[in-house]
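Inspection log for the structure reproduced underneath, given as structure tokens.
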Amino acid sequence: MNADALRGHMDALLLSVLEQEPLHGYAIIEALQARSGGTLNVPTGTVYPALRRLEQAGYLTGEWATVGGRKRRTYRLTSAGRTALAGERSAWREFTGAIGSVLEPRSAR
């Protein structure tokens, strides 16, 4: 998938992946791939800065944990993050509705 197509949607994608459970960075990347049927292959250089930005905004909390013998930073959605995700979903529905009405117009009556 074209990286430009993801621009502006990365926050929503990351918040959505973290909605159900806390995950470390690589598990987040794997979840994006799995949930997209392999279509999204987001590089670590995109994901980790976005996670830090979302943490600074108060949408995520991060803590260090040992996973499989390795120290990894695990991220969890905050209540502010859940509110932001709801807003992102609403904005997405509005956006796709508007674009859909242009790309696939209903026949004139």
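Values in this text are rule-based calculations from the coordinates and carry no lab data. Since this is a predicted model, take the numbers as computed values, not measurements. Because the Cβ atoms are built from the backbone with ideal geometry, glycine has one as well, and the counts that use them run over all protein chains shown.
Values for this structure:
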| item | result |
| --- | --- |
| Dipole moment magnitude, nearest 20 debye, the stretch 3-100 about Cα centre, only Lys, Arg, Asp, Glu C-beta charged | 260 |
| Low-density loop positions, trypsin sites (Lys or Arg not before Pro), the stretch 1-60 - DSSP coil, at most 12 other Cβ in 10 Å | Arg7 |
| Cα-derived Rg to Rh of the chain, Kirkwood definition | 1.06 |
| Sparsely packed chymotrypsin sites (Phe, Trp or Tyr not before Pro) within the stretch 1-85, loop by DSSP, other Cβ within 10 Å at most 16 | none |
